[in-house]
1. Kindly provide the set of residues from the range 113-131 that are crowded, with 17+ Cβ neighbours inside 10 Å and free of Cβ contacts under 8 Å to residues at least 40 places away in the same chain, ordered by number.
2. Restricting attention to the range 250-262, which residues are part of a loop (DSSP other than H, G, I, E, B) and open to solvent by 20 Å² or more (accessible area, probe 1.4 Å)?
3. Pick from the range 99-134 the residues that are out of contact with any Leu (no Cβ under 9 Å at 6 or more places or on another chain), under 24 Å from residue 239 (Cβ atoms) and hydrophobic (A, V, I, L, M, F, W, C): which of them is nearest to the ligand (Cβ to nearest atom)?
4. Could you pull out the residue among 265, 247, 226 that is without any contact (Cβ under 8 Å) to a residue 40 or more places away in the chain and open to solvent by less than 20 Å² (accessible area, probe 1.4 Å)?
5. Of all residues in the range 213-247, count the ones that are assigned to a helix (DSSP H, G or I), closer than 28 Å to residue 91 by Cα and more than 19 Å from the chain's Cα centre (by Cα).
6. Would you check if there is a residue in the range 54-71 being open to solvent by less than 70 Å² (accessible area, probe 1.4 Å), within 16 Å of the ligand (Cβ to nearest atom) and not β-branched (Val, Ile, Thr)?
7. I need the helices (runs of 4 or more DSSP H) fully contained in the range 1-82, keeping only those with at least 1 residues that are in contact with a Phe, Trp or Tyr (Cβ under 9 Å, 6 or more places away or on another chain).
8. Restricting attention to the range 28-53, which residues are within 14 Å of the ligand (Cβ to nearest atom), acidic (Asp, Glu) and more than 18 Å from residue 103 (Cα to Cα)?
Amino acid sequence: MAIHKVGVVGCGLMGSGIAQVSAQAGFPTVVREVSSELVDKGLKGIEKNLSRLVEKGSLTEAAKNEIRGRLTGVTSISELKDCDVVIEAIIEQLPAKRELFTELDKLCPPHTIFASNTSSLTITEIAAATKRPQRFVGLHFFNPVPIMKLVEVVRTIATDPAVYEEMIAFGAKLGKTPVHANDSGGFIVNRLLVPYLLDAIRALEEGVGSVVDIDNSMKLGCGYPMGPFTLLDFVGLDTTYYIAQIMFDEFKEKRFAAPPLLKRMVLAGWHGKKSGRGFYDYSDPANPKPMSL
Ligand SMILES: NC(=O)c1ccc[n+]([C@@H]2O[C@H](COP(=O)([O-])OP(=O)(O)OC[C@H]3O[C@@H](n4cnc5c(N)ncnc54)[C@H](O)[C@@H]3O)[C@@H](O)[C@H]2O)c1
């Protein structure tokens, strides 16, 4: 099956990045948000990323305009009806994802392949909201999508092998390195990464070290490109909290339990870099300051 048109649902951190790489790979791409303000915000972010590439000399102005011309932002879900692949990147909550896919299943033709960018839900429980679990995969991209090279391509026991191979090839067309992953909550990366991030918060709660000292320890002692608190703020504390709850629910293991401090920060609206505050204060984005917690 040839993929002519790509749909993306959600134009936040991940959806905007996925829409960008899809348009950059040459696919006409429709991206849906819940309001025109959020569509504009997402598209502006993409515009900014592309302009940065032009400034650096890695993209011509003409190529940028072509990429931009392949991107359409919409608020109505019916605009996704003729897409060959629809990738979902909305809030990490099962009821919202299931509701969306039930609607898409009625709208899209039988050949359309559905993919979720979920971090922690199983693809099986999302696909069960549709009548096409055989045409359903996980496409788990990483943040920031235009830069991070990996995509986990997730198969369930119901995924048609031909659909799966097609999505592996699609991931490669988007310029990513696809890895095969089976449908277990968190797949490969988050199975390993989430307990590490939550342990960093527990270490902070127990007074083992400060935000800055723990970040520096993992950067300078282990060669990680950023410390756990910088990464948590980058991922989004709300998203991390949902992920922890889902993985704890799935595995019933303490290492996936959300620490109380994470919950309090989410309740306070401190969602990390995207909201201006998390473990660091981003009032001066070039010079984040650790929050006193
Ligand atoms: N943040 C990360 O580092 C990361 C990495 C990999 C995967 N993910 C996953 O990607 C998904 C999105 O995460 P994010 O970080 O982009 O969150 P985000 O909060 O930045 O963006 C989510 C967007 O989805 C929109 N939305 C909600 N319901 C919608 C609907 N029905 N239709 C269209 N848009 C809708 C919201 O308005 C919001 O703008 C989640 O499943 C998350 O677990 C996140």
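1. 114, 116, 118, 125, 126, 127, 129, 130
2. Once the filter is applied, which keeps residues that are part of a loop (DSSP other than H, G, I, E, B) and open to solvent by 20 Å² or more (accessible area, probe 1.4 Å), the range 250-262 yields 252, 253, 257, 258.
3. For the range 99-134, the residue satisfying everything is 100.
4. One residue alone meets the criteria, 265.
5. 1
6. Taking every residue of the range 54-71 in turn, at least one turns out to be open to solvent by less than 70 Å² (accessible area, probe 1.4 Å), within 16 Å of the ligand (Cβ to nearest atom) and not β-branched (Val, Ile, Thr).
7. 13-24
8. Within the range 28-53, 37, 40 meet the criteria.
The values are calculated or read from the model by the stated rules, or taken from the named source; none is laboratory data. These figures come from a predicted structure and were not determined experimentally. We place every Cβ from the backbone using ideal geometry, glycine too, and count neighbours over all the protein chains shown. Side chains included, ligands, DNA and RNA excluded: accessible areas come from the protein's heavy atoms. Shrake-Rupley method; radii C 1.70, N 1.55, O 1.52, S 1.80 Å.
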